[in-house]
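The values are calculated or read from the model by the stated rules, or taken from the named source; none is laboratory data. Predicted model, so just to flag it, every value in this text is computed and none were measured. All Cβ positions, even for glycine, are placed from backbone atoms using ideal geometry, and neighbour counts span all protein chains on display. Surface accessibility is based on the protein's heavy atoms, side chains included, excluding ligands, DNA and RNA. Shrake-Rupley method; radii C 1.70, N 1.55, O 1.52, S 1.80 Å.
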Amino acid sequence: MARILRLQKSDARIEGKPRSLIDFIDKHLNWFTLGPALVMMLMLTAYPFINLIWMAVSTITFEQASEVWTFTPVRNFQDLLSDEIFRIALWNTIVFSVVSVSVEIVLGLGLAILVSSITRFKGVVRTALIIPILMPPIAIGSMWSLMYGFDFGVINQMLGYIGIAPLNWLGSTSLALMSVIIVDVWHWTPFVFLILFASVEGLPRDVIEAARVDGAGNRAILFKIIIPLLKPAIFVALLFRSILAFKVFDEVFLLTSGGPGTSTEVVSLHLYKVFFVQNEMGYGALLSIAIICATVAFLWVGKCAGSALKEN
């Protein structure tokens with residue numbers, strides 16, 4: 001009898017192990033399914049960033065077909081503090097981002113409301129408006145370089161018809177940055193339009209019609225109903241465009257390459273020159289981290305300004 005009881009207890013322990021394992025798996029199933037993906041994402045995110053930080057405090061040279069890393073954090077920070085071109089590029093980037101994104105938000109919102117109000121050929125108009133964001137950057141740079149041409153550009157020819165002398169759009173220090181901003185506004189306003197158009201189409205029409213019945217004019221409907229309801233979509237468009245504008249590279253590189261002088265030098269173009277022209281990989285990595293910090297600070301200031309306006 002005692003032997004039978006020992007066998008029953010042994011069987012219970014054997015059956016209990018698989019059962020507890022199954023319960024453990026059921027309880028932590030989310031971690032088992034998401035764990036490999038999370039580990040992979042951490043490796044792909046953390047390793048490059050740690051490598052970038054290590055590069056930022058080093059001087060990297062190539063000797064005898066191999067990399068030589070020298071720990072020189074003080075030298076790299078001194079280079080950053082004494083880099084006059086970086087300060088000019090940072091200021092140009094801030095001006096470029098604030099002006100271009102502000103104009104794009106206003107134009108994109110106006111186009112979204114205007115296209116949403118038409119009843120015929122809405123799809124054709126919407127498709128025509130998004131053509132600029134479908135064009136490759138090299139085509140945009142070539143096309144606008146020809147249009148901005150001093151002698152044969154179509155813009156100067158049109159100005160000549162109304163009696164205005166030709167302007168050196170890309171060769172003048174006072175006009176070059178504005179010329180690049182115009183191209184960026186032309187290129188990216190359709191992106192803002194697409195985001196806001198979907199939100200405008202989803203606005204509750206009964207609220208707008210009720211406001212009209214109560215005597216509200218178009219201006220009151222725009223500023224007191226439409227824009228407040230579109231704030232989440234405007235914030236998304238503002239966030240995306242601010243990040244992309246702060247990292248602008250291709251338009252400046254193709255149109256002016258930072259010139260004349262440093263009038264259109266931006267941080268991404270300066271970073272490119274440090275990495276691939278001057279071959280300063282360590283200082284370039286430190287510059288990359290400084291640009292990331294500047295981007296975060298720029299977005300934080302914009303968020304604080306938006307919150308202050310909302311409270312007022």
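Taken over the stretch 127-166, the criterion of being open to solvent by 60 Å² or more (accessible area, probe 1.4 Å) and not in a helix (DSSP H, G or I) is satisfied by Pro136, Phe150, Asp151, Phe152, Ile162, Gly163, Ile164, Ala165, Pro166.
Looking across Leu271, Leu238, Leu287, one residue alone is surrounded by 15 or more Cβ atoms within 10 Å (Cβ to Cβ) and either closer than 24 Å to Thr173 by Cα or of a type in the set (S, T, N, Q) (or both). It is Leu271.
Output yes when any residue across the stretch 181-192 is of a type in the set (A, V, I, L, M, F, W, C) and either touching a strand residue (DSSP E or B) at 6+ places or on another chain (Cβ under 9 Å) or over 30 Å from Pro136 (Cβ atoms) (or both), and no when none is. The answer is no, given that none of the residues of the stretch 181-192 is of a type in the set (A, V, I, L, M, F, W, C) and either touching a strand residue (DSSP E or B) at 6+ places or on another chain (Cβ under 9 Å) or over 30 Å from Pro136 (Cβ atoms) (or both). In the set Thr93, Thr119, only one residue is open to solvent by 70 Å² or more (accessible area, probe 1.4 Å), among the hydroxyl-bearing types (Ser, Thr, Tyr) and either out of contact with any Asp or Glu (no Cβ under 8 Å at 6 or more places or on another chain) or assigned to a strand (DSSP E or B) (or both); that residue is Thr119. Does the stretch 101-121 contain at least one residue that is on the phi > 0 side of the Ramachandran plot and among the hydrophobic types (A, V, I, L, M, F, W, C)? Checked against the condition, which is being on the phi > 0 side of the Ramachandran plot and among the hydrophobic types (A, V, I, L, M, F, W, C), the stretch 101-121 yields at least one hit.
For every residue, the table says whether it meets (1) surrounded by 20 or more Cβ atoms within 10 Å (Cβ to Cβ); (2) assigned to a helix (DSSP H, G or I).
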{"site": "Val180", "(1), (2)": "yes, yes"}
{"site": "Trp188", "(1), (2)": "yes, yes"}
{"site": "Phe197", "(1), (2)": "yes, yes"}
{"site": "Val200", "(1), (2)": "yes, yes"}
{"site": "Leu203", "(1), (2)": "no, no"}
{"site": "Ala210", "(1), (2)": "no, yes"}
{"site": "Phe223", "(1), (2)": "no, yes"}
{"site": "Pro228", "(1), (2)": "no, yes"}
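Across the stretch 246-258, not a single residue is classified as of a type in the set (A, V, I, L, M, F, W, C), over 14 Å from the mean Cα position of the chain (by Cα), buried (at least 17 other Cβ atoms within 10 Å of the Cβ) and under 16 Å from Gly306 (Cβ atoms).
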